[in-house]
Structure formats: C-alpha cells, structure tokens
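Here's the structure, in structure tokens; my notes come after.
The values are calculated or read from the model by the stated rules, or taken from the named source; none is laboratory data. Since the model is a prediction, treat every value here as computed from it, not as a measurement. All Cβ positions, even for glycine, are placed from backbone atoms using ideal geometry, and neighbour counts span all protein chains on display.
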Amino acid sequence: MSLLCKKAIGKEIKNNILTLSEEARIAKEKDPTIINATIGMLYDDDEKLMRFPTLEKIQETLTIVEKYAYADTTGGKDFALAIKKWVFRNYLSEFEKNMHLSVISTPGGSGAISNTFSNYLNEGEKVLLPSYMWSAYKNMARELGIICDTYELFENKRFNLSSVKEKILEHKKNQGRVLLVINDPCHNPTGLCLKHEEWQELVSFINEVTTDGTPFILLYDMAYIDFYNAGFDYSRQNIRLFQRFNDSVLTVLAFSGSKTFSLYGLRVGAMIGLSKKESDIIEFNNANEYSSRAKWSNVSKLGLSIITKCILNDTYKNAFEQELSYAKELLEKRSTALIKALNSFGIEPLPFDCGFFVCIKVDHPTLVKDALVELGCYVIPLDNAIRIAICSIVEKDMLPLAQKISQVLKGRQ
Ligand SMILES: Cc1ncc(COP(=O)(O)O)c(C=O)c1O
C-alpha cells in the first residue's frame, strides 16, 4: 500500500524540462559538439548563460541587508513601485487613475500562476489553457485539484479567437466563472504573438460575456514580454486595453524576473492584480499575500534588490534596456536562421512571430526526441510537437540541427 495520501498518488513529472535539460548539459560538458536546445534560458554567442553587465554592477553596490535579509512577503513598497513602472511604463499614471492595482512578489512567474490557480478556482473546477502550452501549467493545476481544459491555439496560422470564445461560453455556462490563461507575446512553446486587433476583439468579447456579472479572471502570462521585437510600446498598448474591462473582470499579470532580467535562479517575479473594483483588489492582496506566506514565505531578497534598483535608478535602467535590445537582436537572428534552415528541408514549424522557442508538430515526439539525442541534439518533446529553445543555441548550430531534424523525420515516414 502506498504511503502517499490519496491526492498525491499518481504524481510524477514526465519529460520534466529541467531534468532533460540537466541531462543535456552534462552531455555537452563531455562533448561540446552536442546541441542543447532544451532550456528556456538565454545564452550568449559564446554559449555562456547571458549576464547583463548592469545587473552585475548593481549587485556590487548592495549592502548585506539588501542581499541576505528576509524580504517582506509582498516584496515591499519599492519593489511594487518598480514593477508597476516596468510593466505599465508610460501608462502607469493612466492605470492608477482608471483602475485599482496591487503587486505581490512571487518566486518567478510560476508563483504568480500558482497563486492565481489557488485563489480563483475551487478543486474540481476547470482552468482554460492553450492547446500548446508550457507544461508546468498542468502540474500546478494538478497539484491543486484543478482540471485542465484547452482552447485551440491556432486557426489558419493565427490566434484562434473562435475557439477561445466558444470555450469561454462553455465555462461560463458550466461553472459560472472563467479563469482564462493567455501567454503572450512570444508564446511558449510556439512563438505566437497576438496582434493588437486580436487583443481588442478578445477584450470586447470578455466584456460582453461579463455584463451580467459573471466573475472572469484573465491570467495574463507575460513571461517573455520584454523580448518582443514589436517593442515595449506595442506590448504595453495591448496591456492598456485591460483598462476597458468592466468590473466583473480581474486581470492578473504574471511577470517573470527570470526571463526579463536573466535571473532565473534568483526566483523573482510578481503578480499584479488589476480591476475596476477596489474590493476585488483588497481581496487579491489579502488572499495572495496569505498564499505566498503559506507556500514559500517570501522571495529572494538579493533578486528583489537587484531588480528594484535597476528599475528605479534611471542610469541603470537605461543601460539595462540597451543590453536587453542586444538580447532581442540575438534571438531574432537565431529564429530567422532556424526557420530558414528548416524551410530549406521542407519543414514548416508552427506559426512563429517571436520569442525563445520554435516548435514543430510531430507524431511520437518522445521517439523523435530520442532519435535526435542519438544524433547529438537535445530538444523537448511535448504532447504533439517538439520544442527547440533557440534562446540557448547559437546561430551556427541552426543548420546542422535542422538537417538532423529532417533526417529523423524522414526516417520515420
Ligand atoms: C510560459 C511561461 N510562463 C511562466 C514561466 C515562469 O518562469 P519563472 O517562474 O522562472 O519566472 C515560464 C518559464 O519557463 C514560461 O515559459
């Protein structure tokens, strides 16, 4: 008989990205010709984990307390101000005039997602996720007894608004509330980015279905927002649309300090609650501070201090933004090279606009992954596709990788 309690029986992470990636890292240490396209961390052109010089400089200025003390569970006032300034940029005063908002620090965007699942769905209720998705959503839902449902991500190579709408209506009818997850821009794993007009239509539809007071939570997973090649202003113009929501809608913006600042191991992120209704934001604050205290207590003081100082000091902020532009250019060069190489072998990846990953739909992804490992290439198998992390491989690897993918796929035909 299992010693596990009933709800823990059957828990097992299959194809854990972090485990596969560690395997690939060890293999590459032994054989540098290995191509490790597993992990969503940005590497520079010397195949070293990206380090932003400005953040290194800031770290040297921090006091012992700023590095090692316990942080406030919420992250504190300065962190909240920094995150609001970063996320809303030129529109912060407009947001503060029209909406109520609040920031809680979390261990990466992951903590923000987990807290949102905890506090806005009961056990047995459904969360609405994209059909291609970051697999950790499913683990977080399972951990909380929440059921995963999906909308089709694509229709004619664009965001499938009809499927999202259909599913929203179904959830409204069957459970009287909706928790919709949109991961945009630079969707993981496909690289899809919603156009402004697509966001406009989605926001109008959510307003229509909530005029009767149906509770609606939009979990906006913005992990990769700062790598969007359309620029800071385009992405913030999309966020600006959230001001149009009526007062039945709560938007939770899940911000990842791991991705924007390449501080993956420091585990800093934030959840920002945004609503027309003050009482919803007071509740957001109370429930999420409580959950944070209960689950992880607080986040890394070192990470909070680096991020806060970087955003609130204009000299550091300007320098960091320059460094971030370079990182965006790297990604763009790599995606262009990979897609060109794949196309030259007749392979069409899933629709890609921008981001850390390119995805190819395949049958038997685990077998494809295993065959690629035999050829010295590591990718991540998903339910019905393989994911290539262009963030972690250099431009010169794109052609050999595409050639090996082609060889494996042809061998399986
Ligand atoms: C889509 C997506 N959302 C959120 C995250 C959260 O990352 P972190 O918790 O490190 O901020 C990731 C990380 O890979 C991701 O891919």
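Just give me the residues in the stretch 262-283 being touching a His at 6+ places or on another chain (Cβ under 9 Å) and surrounded by 22 or more Cβ atoms within 10 Å (Cβ to Cβ), in sequence order. Residues satisfying the conditions are GLY273, LEU274, SER275. Sort out which residues of the stretch 254-273 are among the basic types (Lys, Arg) and closer than 25 Å to ASN229 by Cβ, and write them in order of number. Across the stretch 254-273, the qualifying residue is only LYS259.
Can you tell me which residues in the stretch 308-355 are basic (Lys, Arg), crowded, with 19+ Cβ neighbours inside 10 Å and over 25 Å from ILE83 (Cβ atoms)? ARG334, the sole residue that qualifies.
Residue check: LEU180 meets all listed conditions (1) within 24 Å of LEU382 (Cβ to Cβ); (2) within 16 Å of the ligand (Cβ to nearest atom); (3) in a helix (DSSP H, G or I) but one, namely (3). SER131 falls short of the stated requirement of being without any contact (Cβ under 8 Å) to a residue 12 or more places away in the chain and either among the polar types (S, T, N, Q) or closer than 24 Å to GLN237 by Cα (or both). Residues of the stretch 275-320 that are in a helix (DSSP H, G or I) and of a type in the set (S, T, N, Q): SER279, ASN285, ASN286, ASN288, SER291, SER292, SER305, THR308, THR315, ASN318.
So how many residues does the stretch 183-208 have that are outside any loop (DSSP other than H, G, I, E, B) and in contact with a strand residue (DSSP E or B) (Cβ under 7 Å, 6 or more places away or on another chain)? Let's see the steps before the verdict.
So in the stretch 183-208, the residues outside any loop (DSSP other than H, G, I, E, B) come out as 183, 196-208.
Going one step further and asking which of them are in contact with a strand residue (DSSP E or B) (Cβ under 7 Å, 6 or more places away or on another chain), we end up with 183, 198, 206.
Result for the stretch 183-208: 3.
Figure legend. Inter-residue proximity from the stretch 250-268: first residues under 25 Å from VAL203 (Cα atoms), second residues crowded, with 22+ Cβ neighbours inside 10 Å and charged (D, E, K, R), beta-carbon distance below 6 Å, spacing 6+ or different chains. Indicated pairs: ALA254/ASP221.
Against the definition (within 16 Å of the ligand (Cβ to nearest atom), more than 13 Å from the chain's Cα centre (by Cα) and in contact (Cβ under 8 Å) with a residue 40 or more places away in the chain), how does LEU219 come out, yes or no? For LEU219, the condition - within 16 Å of the ligand (Cβ to nearest atom), more than 13 Å from the chain's Cα centre (by Cα) and in contact (Cβ under 8 Å) with a residue 40 or more places away in the chain - is not met. I'm trying to understand the selection: among the residues of the stretch 102-160, which are more than 21 Å from CYS359 (Cα to Cα), among the charged types (D, E, K, R) and within 15 Å of the ligand (Cβ to nearest atom)? The answer is GLU143, and nothing else.
For every residue, the table says whether it meets (1) of a type in the set (A, V, I, L, M, F, W, C); (2) assigned by TED's automatic domain parsing to the domain that holds SER105.
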position	(1), (2)
ILE39	yes, no
LEU42	yes, no
ASP46	no, no
LEU81	yes, yes
LYS84	no, yes
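Restricting attention to the stretch 8-21 and to residues that are without any contact (Cβ under 8 Å) to a residue 12 or more places away in the chain and closer than 15 Å to LYS138 by Cα, the residue that is farthest from the ligand (Cβ to nearest atom) turns out to be GLY10. In the stretch 22-43, which residues are in contact with a strand residue (DSSP E or B) (Cβ under 9 Å, 6 or more places away or on another chain) and away from the ligand (no atom under 11 Å from the Cβ)? Correct list: GLU23, ALA24, ARG25, ALA27, LYS28, ILE34, ILE35, ASN36, ALA37, THR38, LEU42, TYR43.
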